[in-house]
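The values are calculated or read from the model by the stated rules, or taken from the named source; none is laboratory data. Keep in mind the model is a prediction, meaning the values are calculated, not measured. Every residue, glycine as well, gets a Cβ built from its backbone with ideal geometry; the counts of neighbours run over all protein chains shown.
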Amino acid sequence: MSAAPRVPARIVGTVMLGTTLNPLNSSIIALALVDVSRHFDVTLAAAGSLVIAFYVVGAFGQPAMGRLADRFGPRRVFVGGLSIVVVASLVAPLAPSLPWLVLARMVLAFGTAAAFPAGLAMVRAVAGEGPAPTGTLGALSIAANGMAALGPVVGGIAVAVAGWEAIFLVNVPLALAGIVLARVWLPAVPGTHHAGAHDRRRTVTLLALPTLRGVYARFVAVTLAFYGVVLGLPVWLEEARGLESSAVGLVVAPVAALGMIATPVAARFIRAVGAEPAVIVGAALVVVGSAPMLTYGPGTPLAVVAAAGAVLGAGLGFANLGLQTGLYQGAPEGQMGAAGGLFQTCRYLGAILATVIMGVAFADAVDGAGLHVIAAVTAALAALTIAGTAANVVKTASAE
């Protein structure tokens, strides 16, 4: 097997920085919902519109930003998106009512949607054709999935220290740093300048590719499982167990920690045996990590919750990098940005479905029974991911 191409660390680091903002903001809101509902004197369900609005805009914004990156060049779109983030993050704390705050979150979602697809397009342009740069993809996976899992931790600390407004203001220094570094370190890769109608046809073509369809479908399942836990577990710990937001953040931190630790291990695993086996291993660990959630109740030791979260996080690290590598390998030339954008759309489809399931599970009360529903869905989706990946491996082997 030929060596994977190396991407300069300055480029990887800059893209990672920008990529953190979207997943961070997707989950940082979890521990601010209670405070927001009290501040604006609205129900918790109404405050939940901040979650759905972000996911919906992210789902549509990611492929749009990806197409723009392919067309006009990834650096230009990367910097433009971060500029939008700065403006939205400064305006959001000034919102006079919940609808205005929802609007600010929607603008923030669109701005943060640029970095991942533009970053993937940049990596493909720098690395060229050939084996997937698994180390670089692993770094981006850590940025994307690690920060999504760390969101409740950061949110809990921010809310405890400075109130709900702080979850927006933390974006400003990160986005400004990303803009400066992108201007200095990211190369001005030219775009393809395709017409808009042709761009739309190219997106349809991506969905027609069986390899990418399989990657996208499994990523929806994996992210649904991920967000079901990352959003549902903190709400249960805070409302049913009575923990403070900062303590909740610490209990769920192992999901992020093990996800990040497992990712470089997964990168080596993929270089040795391939992306599909990594997805199977990851999904199996998700089943193991979500199974204890079926028994959680008022007396469940928090150490057990944290340990199960660690196993779950490790599984997500393997599964996410395996699917991201499959995406990179299957994306056609000149369409990496659009392919990456659709990949992130699948993340938000999973997140939206997870939010709906959480709403149904906790409709009557935030209790153990509702959490058990979320756990059962998580385990079932992971099992389906194993089955789908195994079937794909068999099909590929038969074709050879």
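If the condition is being surrounded by 24 or more Cβ atoms within 10 Å (Cβ to Cβ) and of a type in the set (Ser, Thr, Tyr), then the range 61-94 contributes only Ser89. In this structure, Pro190 qualifies as outside any helix (DSSP H, G or I) and surrounded by fewer than 18 Cβ atoms within 10 Å (Cβ to Cβ). Gln335 meets the conditions (1) farther than 19 Å from Leu209 by Cα; (2) in contact with a Gly (Cβ under 9 Å, 6 or more places away or on another chain) in every case but one. The failed one is (1).
Quick one: count up the residues across the range 78-136 that are of a type in the set (Val, Ile, Thr) and within 26 Å of Gly330 (Cβ to Cβ).
Within the range 78-136, the subset of a type in the set (Val, Ile, Thr) is 79, 84-87, 91, 102, 107, 112, 123, 126, 134, 136.
Next, only the ones that are within 26 Å of Gly330 (Cβ to Cβ) stay: 112, 123, 126, 134, 136.
Final tally of qualifying residues: 5.
Conditions (1) farther than 22 Å from Asn22 by Cα; (2) under 20 Å from the mean Cα position of the chain (by Cα); (3) modelled with pLDDT of 90 or more, marked per residue:
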site: Asn171; (1), (2), (3): no, yes, yes
site: Asp199; (1), (2), (3): yes, no, no
site: Leu224; (1), (2), (3): no, yes, no
site: Leu233; (1), (2), (3): no, yes, no
site: Glu239; (1), (2), (3): yes, no, no
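Among the residues of the range 342-357, is there at least one that is among the aromatic types (Phe, Trp, Tyr), closer than 27 Å to Ala391 by Cα and touching a helix residue (DSSP H, G or I) at 6+ places or on another chain (Cβ under 6 Å)? Lay out the reasoning, then the answer.
Of all residues in the range 342-357, those among the aromatic types (Phe, Trp, Tyr) come to 343, 348.
Then drop every residue that is not closer than 27 Å to Ala391 by Cα, which leaves 343, 348.
Filter again for touching a helix residue (DSSP H, G or I) at 6+ places or on another chain (Cβ under 6 Å), leaving 343, 348.
Yes, that holds for at least one residue.
Among residues of the range 157-182 that are at positive phi and in contact (Cβ under 8 Å) with a residue 40 or more places away in the chain, those with a beta-carbon under 9 Å from a residue that is part of a loop (DSSP other than H, G, I, E, B) and surrounded by 17 or more Cβ atoms within 10 Å (Cβ to Cβ) at least six positions away or on a different chain give the pairs Gly163/Ala32. Scanning the range 354-372 for residues that are among the polar types (S, T, N, Q) and buried (at least 23 other Cβ atoms within 10 Å of the Cβ) gives no hits. Screening Leu50, Leu21 for residues that are touching a Lys or Arg at 6+ places or on another chain (Cβ under 7 Å), at negative phi and crowded, with 18+ Cβ neighbours inside 10 Å leaves exactly one candidate, Leu50. Here Ala375, Ala351, Ala314, Ala310 are screened, and the one residue that is over 18 Å from Leu237 (Cα atoms), at pLDDT 85 or above and buried (at least 16 other Cβ atoms within 10 Å of the Cβ) is Ala314. Within the range 147-169, being surrounded by fewer than 19 Cβ atoms within 10 Å (Cβ to Cβ), β-branched (Val, Ile, Thr) and touching a helix residue (DSSP H, G or I) at 6+ places or on another chain (Cβ under 8 Å) holds for one residue alone: Ile157.
Which fully enclosed helices (runs of 4 or more DSSP H) of the range 69-135 have 2 or more residues being β-branched (Val, Ile, Thr), under 18 Å from Leu174 (Cβ atoms) and in contact (Cβ under 8 Å) with a residue 12 or more places away in the chain?
On the way: elements: 74-91, 98-112, 115-127.
Passing ranges, in order: 74-91, 98-112.
Just so you know, in the range 25-42 the residues that are modelled with pLDDT of 90 or more and buried (at least 23 other Cβ atoms within 10 Å of the Cβ) include one that is nearest to the chain's Cα centre (by Cα), and it is Asn25.
Yes/no per residue for (1) farther than 22 Å from Asp367 by Cα; (2) of a type in the set (Phe, Trp, Tyr); (3) without any contact (Cβ under 8 Å) to a residue 60 or more places away in the chain:
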{"residue": "Ile270", "(1), (2), (3)": "yes, no, no"}
{"residue": "Ser290", "(1), (2), (3)": "no, no, no"}
{"residue": "Thr300", "(1), (2), (3)": "no, no, yes"}
{"residue": "Ala306", "(1), (2), (3)": "no, no, yes"}
{"residue": "Leu312", "(1), (2), (3)": "no, no, no"}
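Got a number for residues in the range 326-381 being hydrophobic (A, V, I, L, M, F, W, C), part of a loop (DSSP other than H, G, I, E, B) and closer than 24 Å to Phe116 by Cβ? Give the steps one after another, and end with the answer.
So the first thing to find is which residues in the range 326-381 are hydrophobic (A, V, I, L, M, F, W, C), and the list is 327, 331, 336, 338-339, 342-343, 346, 349, 351-354, 356-358, 360-363, 365-366, 369, 371, 373-377, 379-381.
Now restrict to residues that are part of a loop (DSSP other than H, G, I, E, B): 331, 362-363, 365-366.
This time we only want the ones that are closer than 24 Å to Phe116 by Cβ, so: 331.
Of the residues in the range 326-381, 1 are hydrophobic (A, V, I, L, M, F, W, C), part of a loop (DSSP other than H, G, I, E, B) and closer than 24 Å to Phe116 by Cβ.
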